[in-house]
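Visitor: Sharing a structure here in structure tokens format.
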Amino acid sequence: MADINELIEKLAELDEETLQAQLGMQLQSLEDDLTTSASVESININTLTAVPRGPEGNKFIEFGQNFFKRLNGEAYDFLCDRDPFGDGCKTMQKIEDAYNESSTKAAGMLTPILVTNLGLAPAIAAIVATLIVQKIASAAGETICSMWQDSFDGSKPPEIE
């Protein structure tokens, strides 16, 4: 049984495509049986890199990419376009400080925020948080929100209706 920190450490070792495939696989398993919870324990950390190749693997990657693309804008809007916690952006500063210390620590802080505020299942939130952190990891010396915004194709993240 994996805890959230152990899971995020393992997820951080994966490349973006593998993370997207894992996201697609987790989402597909939820779709097949909505009575199950996508808890942290639902991901076998020993088989995280085992992504099917061929048409089935491509289906999972595409599903994960599409979900992340839609959710990435929502998460950005929630966390960066206003003071979401009503604390003068202190929570975002803590996430930035965690990011400066370790990208896995930042993903670990983002995960429960995504669960609570966007209604994501914990396993899904852990993968999404890791993808978000990977999107901003290549830039240095900027705030999280400005690095994150730079990861979008255009100059502004897509508007969420």
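The values are calculated or read from the model by the stated rules, or taken from the named source; none is laboratory data. Small disclaimer: the values here were computed from a predicted structure and weren't measured. Note that each Cβ is placed from the backbone with ideal geometry, even for glycine, and that neighbours are counted across all protein chains shown.
Visitor: So, residue 98, is that one among the hydrophobic types (A, V, I, L, M, F, W, C) and either part of a helix (DSSP H, G or I) or at pLDDT 80 or above (or both) or not?
Guide: Values: among the hydrophobic types (A, V, I, L, M, F, W, C): yes; either part of a helix (DSSP H, G or I) or at pLDDT 80 or above (or both): yes.
It is true that residue 98 is among the hydrophobic types (A, V, I, L, M, F, W, C) and either part of a helix (DSSP H, G or I) or at pLDDT 80 or above (or both).
Visitor: Working carefully through the options 74, 56, find the one that is within 16 Å of the chain's Cα centre (by Cα), at pLDDT 75 or above and either loosely packed, with under 14 Cβ neighbours inside 10 Å or assigned to a helix (DSSP H, G or I) (or both). Even if it seems obvious, please write down each step before you answer.
Guide: Numbers: 56 fails: within 16 Å of the chain's Cα centre (by Cα).
The conditions single out 74.
Visitor: Looking at segment 78-106, which of its residues are touching a residue at least 40 places away in the same chain (Cβ under 8 Å), in contact with an Asp or Glu (Cβ under 9 Å, 6 or more places away or on another chain) and not β-branched (Val, Ile, Thr)? Reasoning before the result, please.
Guide: Within segment 78-106, the subset touching a residue at least 40 places away in the same chain (Cβ under 8 Å) is 78-80, 92, 95-96, 99, 103-104.
Now restrict to residues that are in contact with an Asp or Glu (Cβ under 9 Å, 6 or more places away or on another chain): 92, 104.
Answer for segment 78-106, where residues must be touching a residue at least 40 places away in the same chain (Cβ under 8 Å), in contact with an Asp or Glu (Cβ under 9 Å, 6 or more places away or on another chain) and not β-branched (Val, Ile, Thr): just 92.
Visitor: Let me ask something additional. Here is a list: 104, 116. Which entry is at pLDDT 85 or above, crowded, with 19+ Cβ neighbours inside 10 Å and of a type in the set (Ser, Thr, Tyr)? I'd like the intermediate steps shown before the answer.
Guide: On the way: 116 fails: crowded, with 19+ Cβ neighbours inside 10 Å.
So the residue among 104, 116 that is at pLDDT 85 or above, crowded, with 19+ Cβ neighbours inside 10 Å and of a type in the set (Ser, Thr, Tyr) is 104.
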